[in-house]
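Following: one structure in structure tokens, then a few remarks.
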Amino acid sequence: MLGASVNSVQRVTNGLLTDDMLEVRASGDINSMEIIAEDYSGDIVTVSIRADIFANTDVCRPGDYQKTLVTTWAPIKHKDHATYGGIFDIGKALPDYLRRQFAAEARHSMVKHIEPIALTDDLQNAEQAVLLAQKADSQFVLFISIDDLSVETPRHNSLAFWKDATPSRYVNMNTQLYNGATGELLMEKRLASSDLWEFDWQEQLDSFSPRLWQSRWGQMLQHQLANLAIQVDEQLACIPAYGRVTQVSGDAINIDLGKQQGVRVGDRLQLFQLQQFYDASGELNSRYVLHPVEVEVKQVFTNSALVMSADDALLANIQANDFVMRR
């Protein structure tokens, strides 16, 4: 149970167990709530609700810094599906709208960079995620691929000619969230939905146009992206935010975390290295080696900061692509 504390209370009297109680206490914030059933029986009202509960930060202790993500253009698996409406660039427009949804919905993460490439399914993997995260100075990688954009046109019925003959358009997306340091797959979700396609069948649309994104189908797609942003944010909430060392110049170290991620002058940070190794069964494992010297933020910029030793101790064996996190 996310964000729950468990207590066992037992009471013994004269050597006999008289009370044996298990207490589970959950703490969280309610993002949304929906009443799904009500039952009235005399003076008693029973209500069933569906609630989206996010773990309280007092139980799940997320870091103060925003986790950073990099994503790419979304490849279209069946490009012929985009012929209807001419939305061949929908995979390029999609990450821009995804970034907006993260800005509106996410509390612990942000899309820092959109890499202008569309990787095919066989290239959306752990190895590519690590390379992409390093290139974009981001902590996590979110891959999206569009598997279905097909259109279903209703069959005409001469006995019900007055009914709406507006076609429906599907969108089916596969999403994968990777840890950019280790290549670990953290989450995989498939999003699928459909809505009316309100445009003339001959009309060719600009994939970036508000007219498309404000249509019923476009609004549905934005809703899917908002749900994705919320799910990714919940997945990352309790994972510590970390950055990378980008440059070492004497006693001064540049890192890729800055004001946009919540870094402030005076923050104390821990340097560490990631070491990966194969165990006896051939499984890849990771271990983190902490540097003995703590560093302090001296200058902060938009997406970077300058740190130095907090107690003037010698900073040895620090190199680019080492990691840093808040203590």
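Points to keep in mind about this one:
- Backbone N within the range 174-204 under 14 Å of label point (7 Å from Thr166 Cα along the Cβ vector): 194-201
- Summing charges over all other residues whose Cβ lies under 14 Å from the Cβ of Ala181, with Lys and Arg as +1 and Asp and Glu as -1, gives -1.
- Using the Cβ of Val70 as centre and a radius below 10 Å, the other residues enclosed give a net charge of 0, where K and R count +1 and D and E count -1.
- The chymotrypsin sites (Phe, Trp or Tyr not before Pro) of the range 221-308 that meet both conditions, a loop assignment by DSSP and at most 15 other Cβ atoms within 10 Å of the site Cβ, are Phe301.
- When you count the other C-beta atoms within 10 angstrom of each residue and take the mean per peptide, 69-81, 303-315 line up highest first as 69-81, 303-315.
- Order of exposure, largest accessible area first, which applies to Lys189, Lys112, Lys67 with probe 1.4 Å: Lys189, Lys112, Lys67
- Counting Lys and Arg as +1 and Asp and Glu as -1 over every other residue whose Cβ lies under 13 Å from the Cβ of Leu205, the net charge comes to -3.
- Dividing the radius of gyration of the alpha carbons in the range 112-267 by their Kirkwood radius gives 1.12 for Rg/Rh.
The values are calculated or read from the model by the stated rules, or taken from the named source; none is laboratory data. Keep in mind it's a predicted model, so treat the numbers as computed, not measured. Note that we place each Cβ from the backbone using ideal geometry, even for glycine, and neighbour counts take in every protein chain shown. The accessibility values were calculated without ligands, DNA or RNA, using every heavy atom of the protein model including side chains. Shrake-Rupley method; radii C 1.70, N 1.55, O 1.52, S 1.80 Å.
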